[in-house]
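**Student:** My questions will all concern the structure given below.
FYI, it's all coordinate maths here, none of it is from the lab. On a predicted model such as this, the values are computed, not experimentally measured, just so you know. Note: ideal-geometry Cβ built from the backbone for every residue, glycine included; neighbour counts use all protein chains shown.
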Amino acid sequence: MNLPRDGTAYRYTALLLIILLAIYITVVIRKYAKDKIYFHITIIDFITYVKQQITFFCAPTNKIISEYTVPEIKNSGIFEEGGIDKNKYLDERGKKLMKDFFSKLGRSSADDQIANCDYTIEAMNKLLDEYKEELPKKYKAYSTIALITGAMLVILLL
C-alpha cells in the first residue's frame, strides 16, 4: 500500500481524531449533567427517607444513616468527614444545604428535625428545577463550542 508522502494521511487521521474528541466531550458533558440531576434526586429521596424515619419510628440519626442502602448516596462519601466538600455533583448552594441539614440532624426535637427535612427538600427541589432548566441550554452551548473548536482545528490542519 502506497501512502502519499506529503502528510495527507496524517492530516485525515488528525481530522478524524479531532471530530471523535469533540463528540466524546459532548457525550461526557451530557452524562455529567444527567448524573448531577440523578444525584440530586437521590439526595431528595434520602432526606425524605430520614424524615419518614424520624416521623414514624423516632429512630436515632446514626441508625437511620447506617440503614440507608441506596449505593449512590452511600458511596458518594457525603456521610464521611469533609465528604460534602469533595462531592462533584453538589455546587456551593447544594453543599451549604447539605452541611446545614446534617448539622441540625439529631440535635433538636423531632418536630424541628422534620421542619429541617422539609426545608432542605424544598430547597433541593428548587436547585433540581434549575439544573433541569439549564441542562438543554448548557448541552447546546458545550456541543457547539466543542464542534466549533474541532472545526477550527480541522481547518488549521488542512
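**Student:** When you go through ILE121, ILE148, ILE155 one by one, which is the residue that is crowded, with 16+ Cβ neighbours inside 10 Å and of a type in the set (A, V, I, L, M, F, W, C)?
**Tutor:** Details: ILE148 fails: crowded, with 16+ Cβ neighbours inside 10 Å; ILE155 fails: crowded, with 16+ Cβ neighbours inside 10 Å.
Going through ILE121, ILE148, ILE155 in turn, just one is crowded, with 16+ Cβ neighbours inside 10 Å and of a type in the set (A, V, I, L, M, F, W, C): ILE121.
Listed here are the residues, each with its yes/no results for (1) over 24 Å from LEU127 (Cβ atoms); (2) surrounded by 12 or more Cβ atoms within 10 Å (Cβ to Cβ); (3) over 17 Å from the mean Cα position of the chain (by Cα); (4) hydrophobic (A, V, I, L, M, F, W, C).
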site: THR8; (1), (2), (3), (4): yes, no, yes, no
site: ILE44; (1), (2), (3), (4): no, yes, no, yes
site: GLN53; (1), (2), (3), (4): no, yes, yes, no
site: PRO60; (1), (2), (3), (4): yes, yes, yes, no
site: TYR68; (1), (2), (3), (4): no, yes, yes, no
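**Student:** Continuing with the same structure: Identify, please: which residue in segment 57-109 is assigned to a helix (DSSP H, G or I) and aliphatic (A, V, I, L, M) and is, among those, farthest from LYS34 (Cα to Cα)? Write out each step before concluding.
**Tutor:** Residues of segment 57-109 assigned to a helix (DSSP H, G or I): 57, 61-67, 71-74, 83-86, 92-104.
Filter once more, so that each one left must be aliphatic (A, V, I, L, M): 64-65, 73, 84, 97-98.
Details: ILE64: 28, ILE65: 25, ILE73: 16, ILE84: 19, LEU97: 20, MET98: 20 Å.
Of everything passing the filter in segment 57-109, ILE64 is farthest from LYS34 (Cα to Cα).
**Student:** Something else about it: With respect to the numbered conditions (1) touching a helix residue (DSSP H, G or I) at 6+ places or on another chain (Cβ under 9 Å); (2) of a type in the set (Asp, Glu); (3) more than 18 Å from ASP45 (Cα to Cα), which one is the sole condition not fulfilled by GLU72?
**Tutor:** With respect to (1) touching a helix residue (DSSP H, G or I) at 6+ places or on another chain (Cβ under 9 Å); (2) of a type in the set (Asp, Glu); (3) more than 18 Å from ASP45 (Cα to Cα), GLU72 is out only on (3).
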